[in-house]
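K.L.:
Below is a structure I'd like to ask you about.
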Amino acid sequence: MLTHVILVLLAAVPHCHQQTPPTYLRSDPLTGEQLTCDKCPPGTFVESHCTRDSATRCRACPAAHYTEFWNYVHECLFCDYPCGADQVETTPCTPLHNRACACKENFYRKHDFCLPHTLCPPGDGVVRHGTLEQDVRCAPCEAGFFSSESSSKKACERHATCAPHLTAVPGNRRQDTFCSACEPAGTSHGERPLPLVPPGESACEQEAARFLLQLALPGKQAQRLGDALRRHLTGPSPGASREELLRAMLADNSSQPFTARVLRAIQRSRLVHLEHKFRRWFVQTPSERAAEV
């Protein structure tokens, strides 16, 4: 008996979930009679309205068209155009759905356009990450922090703490603290391998080259420094990188010390702040630095 009741209930379940088509009212154009017609389901449109003797006739949407809801329209809606170059398709065009697009990674929507996330410049860090709906927000690095590259993802980083046996060349908003083994008086805290520098170079020359190689300068300042370094050499190509120029200067058999030639190049590039920093930490002795304080 119990089994019979369960089977009856199960048989009734599909019937409970059958959906009765929604309807719409329409006046018969010939008789003026008010008719109640069934709407067409999603993915179709009305091919012909109902009459007193026939039901509504529905037809499937053609390619690139859709209807998302029960309807009594005479034609399906046209799907939106394919997604743009700065977008990705999140929903394809089907008879049931319109095409949906979203901004691709590292872009956000503004006034129906996808714009790239802002790159925070050197000296600024990301304080709010970008999303598909909002841009990145940047802020200047606080004291003790730096950002040396343009980025839409990186926050400001804390300045490095140098080991006790190394000299800390102070950083700034755009540059990390530089830990140097250079002692211009002729002694050094110790040497570390540097592939850029040929064997036998002094610790100060190694550290000066390493400092200049990792130096982050704005575009025009970097170009001025490169042009000034190039004038101290014969033969480097106009497109030579800073590393190639420094390597050539280190290999040059000049009677002038490497640090003196570099300092003169910095002076010619009119980078006053860099000149002061380079002279203080790679040319002056500790006692000369102390006398300036």
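The values are calculated or read from the model by the stated rules, or taken from the named source; none is laboratory data. Being a predicted model, the structure only gives us computed values, none of them experimental. Every residue, glycine as well, gets a Cβ built from its backbone with ideal geometry; the counts of neighbours run over all protein chains shown.
K.L.:
Hey, does region 142-162 have a residue that's farther than 19 Å from LEU215 by Cβ, surrounded by fewer than 18 Cβ atoms within 10 Å (Cβ to Cβ), of a type outside the set (D, E, K, R) and at pLDDT below 95?
P.N.:
No, every residue in region 142-162 fails to be farther than 19 Å from LEU215 by Cβ, surrounded by fewer than 18 Cβ atoms within 10 Å (Cβ to Cβ), of a type outside the set (D, E, K, R) and at pLDDT below 95.
K.L.:
Out of region 237-293, which residues are β-branched (Val, Ile, Thr) and under 35 Å from the mean Cα position of the chain (by Cα)? Step through it out loud before you land on a result.
P.N.:
Narrowing region 237-293 to residues β-branched (Val, Ile, Thr): 259, 262, 266, 272, 283, 285, 293.
Correct list: ILE266, VAL272.
K.L.:
Might you let me know whether region 110-127 holds any residue that is in contact (Cβ under 8 Å) with a residue 24 or more places away in the chain, assigned by TED's automatic domain parsing to the domain that holds SER150, surrounded by 14 or more Cβ atoms within 10 Å (Cβ to Cβ) and among the basic types (Lys, Arg)?
P.N.:
no
K.L.:
Here's another thing I want to ask about it. How many residues are in contact with a Cys (Cβ under 8 Å, 6 or more places away or on another chain), in a loop (DSSP other than H, G, I, E, B) and either assigned by TED's automatic domain parsing to the domain that holds GLY219 or of a type in the set (Ser, Thr, Tyr) (or both) if we restrict to region 131-152?
P.N.:
Qualifying residue count, region 131-152: 3.
K.L.:
State yes or no: is GLY190 modelled with pLDDT under 75, closer than 26 Å to HIS165 by Cα and either outside any loop (DSSP other than H, G, I, E, B) or not aliphatic (A, V, I, L, M) (or both)? Can you show your working first?
P.N.:
Details: modelled with pLDDT under 75: yes; closer than 26 Å to HIS165 by Cα: yes; either outside any loop (DSSP other than H, G, I, E, B) or not aliphatic (A, V, I, L, M) (or both): yes.
Yes; evaluated as a whole, the condition is true for this residue.
K.L.:
Return the residues of region 29-79 that are of a type in the set (A, V, I, L, M) and free of Cβ contacts under 8 Å to residues at least 24 places away in the same chain; say none if nothing qualifies.
P.N.:
Let us first name the residues in region 29-79 that are of a type in the set (A, V, I, L, M), namely 30, 35, 46, 55, 60, 63-64, 73, 77.
LEU30, LEU35, ALA55, ALA63, LEU77, listed by residue number.
K.L.:
Follow-up. Within region 174-181, is there a residue that is at pLDDT 95 or above and part of a loop (DSSP other than H, G, I, E, B)?
P.N.:
So far as region 174-181 goes, yes, one or more of its residues are at pLDDT 95 or above and part of a loop (DSSP other than H, G, I, E, B).
K.L.:
What's the total number of residues in region 247-280 that are farther than 20 Å from ALA222 by Cα and either among the polar types (S, T, N, Q) or touching a residue at least 60 places away in the same chain (Cβ under 8 Å) (or both)? So that I can check it myself, show each step before the final result.
P.N.:
Within region 247-280, the first condition is being farther than 20 Å from ALA222 by Cα, and the residues that meet it are 251-257, 280.
Retained after the next criterion (residues that are either among the polar types (S, T, N, Q) or touching a residue at least 60 places away in the same chain (Cβ under 8 Å) (or both)): 253-256.
So the answer is 4.
K.L.:
Is there any pair linking a residue in region 210-239 that is within 16 Å of LYS277 (Cβ to Cβ) and at pLDDT 85 or above to one that is among the aromatic types (Phe, Trp, Tyr) and buried (at least 17 other Cβ atoms within 10 Å of the Cβ), with Cβ under 9 Å and at least six apart or on different chains, and which?
P.N.:
Listed by first residue and then by second, the contacts come to ARG210/PHE178; PHE211/PHE178; PHE211/PHE278; PHE211/TRP281; PHE211/PHE282; LEU212/PHE278; GLN214/PHE178; LEU215/PHE178.
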